[in-house]
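The values are calculated or read from the model by the stated rules, or taken from the named source; none is laboratory data. A quick note: this is a predicted structure, and the numbers were derived from the prediction, not measured. Every residue, glycine among them, receives a Cβ derived from its backbone with ideal geometry; neighbour counts consider all protein chains shown. The accessibility values were calculated without ligands, DNA or RNA, using every heavy atom of the protein model including side chains. Shrake-Rupley method; radii C 1.70, N 1.55, O 1.52, S 1.80 Å.
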Amino acid sequence: MSSLPHCVHFDLDGAWSPDATPPGTYVDVRAWGPRLRYCTSAREVEAFYESVRSNTAKFTLFGSGDFHHLSALWIRNIAQPFTLVSFDNHPDWDIRPPRWGCGTWINRALEHPRLQKVAVWGCGNFELNWPGYLFASRRALREKQMAVWPWTERLNASGRWRWRGMTRKDWRGQFSDFARGLSTDGVYVTVDLDCLDRSEAVTNWESGLFTAEDLKWAIAELSASGTIIGGDLCGAYSAQEYKTWTQRVAAHFDHPAQTRRHSFDANLRAFQTIWPALTGGDEHHATDD
């Protein structure tokens, strides 16, 4: 990925200001947004990728977490062994259809021939409890291709029996041990803002328990233990627009009720903390709309 541009902002839904990243890195792909949101077909995904592949970069800013499945496209440029570290309130591991969806994309990532392991930090949603975990990729868990670190306080009795959880008091120690134990040549980091506490970001999904400063610290731990070869950030709130009625109906039943007003301010503060840590420099120019 070293020959790729440093960063790009693919604007699918207006979730971020056009000047979030440096001049020349903004790409308006809002016409694709309704076609890709929440779930889509392999045909649409491949057509989209062909339309943007010349603009792909090491670090990608894009829209709502409804588009997180596009992370499986951003990693296609990686040609070396790597670990995928995801900070997300959801494990996104569901093996049920649709094949291309924001809740199933980890399985698409696992198809990458160079991906050694997926580690998801900060899960706090129902998927870790019974019966949600029945729809995880059993093979990936059994073969230790995937591991999750959920918040203990968000697990019920069955979840606590099955998963090694973490608390606000002990998660940094666990993460430091994890970072030091990485054995692959590189790390790709994906951040969904729904992993943050509800006071830290406004998203289209349920909120997690991390703070932006937590992620800044964790990314620094990864940098100190290995090489961050790329990454992406998504998850800011945007209005939900869909192309098909199947997308609309499925998303309606899956999304939580939106009870908070959209706030550029909260998401901007989170961005200005996380993005420079992820990209390793001053590649942030976001301003509040």
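Counting heavy atoms of the protein chains only and a 1.4 Å probe, report the per residue accessible area for region 69-126 as a whole number of Å². Walk me through the intermediate numbers first.
Working: 1750 Å² over 58 residues.
Accessible area per residue, region 69-126: 30 Å².
Give me the one-decimal nm value for the distance between modelled label points at N77 and R168, 7 Å along each residue's Cα-to-Cβ direction.
Modelled inter-label distance: 3.8 nm.
Rounded, prolate or oblate: which fits the chain when a ≥ b ≥ c are the square roots of the eigenvalues of the alpha-carbon gyration tensor, with rounded for a/c under 1.5 and prolate only if a/b beats b/c?
Values: a/c = 1.25, a/b = 1.12, b/c = 1.11.
In terms of gyration-tensor shape, rounded.
Measure out, as a whole number of angstrom, how far apart the alpha-carbon centroids of region 1-44 and region 128-160 sit.
Measuring centre to centre over Cα atoms gives 31 Å.
Shape call for region 84-133 from the C-alpha gyration tensor, a ≥ b ≥ c root eigenvalues: rounded (a/c under 1.5), prolate (a/b greater than b/c) or oblate?
On the way: a/c = 2.17, a/b = 1.27, b/c = 1.71.
Verdict is oblate for region 84-133.
If I model a spin label as a point 7 Å beyond the Cα along the Cα-Cβ vector, how far apart are those points for T244 and A220 in nm?
4.6
When the accessible area of the chain is split by element with a 1.4 Å probe, what percent falls to carbon and sulfur? Show your work: numbers first, answer last.
Values: 6120 of 12370 Å².
Answer for the chain is 49 percent, counting heavy atoms of protein chains only.
Could the peptides 200-211, 41-52, 56-67 be put in order, highest first, of the mean number of other beta-carbon atoms found within 10 Å of their residues? Numbers along the way, then the final one.
Working: 200-211: 23.9, 41-52: 13.9, 56-67: 25.8.
My ranking of the peptides, most packed first, is 56-67, 200-211, 41-52.
Suppose only helical runs count, i.e. DSSP H with n ≥ 4. What mean residue ellipticity at 222 nm does that imply for the chain under -39500 (n - 2.57) per run, divided by all residues and rounded to the nearest 500 deg cm²/dmol? Could the numbers behind the result be given before it?
On the way: 10 runs with 85 residues, N = 289.
About -8000 deg cm²/dmol.
Give, in nm to one decimal, the length gained when the segment between W130 and R198 is fully stretched (0.36 nm per residue of separation minus the Cα-Cα distance). Write down the numbers at each step before the final one.
Working: separation 68, 0.36 × 68 = 24.48 nm, distance 2.45 nm.
Separation in residues times 0.36 nm, less the Cα-Cα distance, equals 22.0 nm.
Test of understanding: what is the full-extension gain from R114 to L4, defined as 0.36 nm times their sequence separation minus their Cα-Cα distance?
On the way: separation 110, 0.36 × 110 = 39.60 nm, distance 1.79 nm.
Full-extension gain reported as 37.8 nm.
For A147 and E44 in the same chain, what is the full-extension length gain: residue separation times 0.36 nm, less their Cα-Cα distance, in nm?
Values: separation 103, 0.36 × 103 = 37.08 nm, distance 2.97 nm.
Gain on stretching A147 to E44: 34.1 nm.
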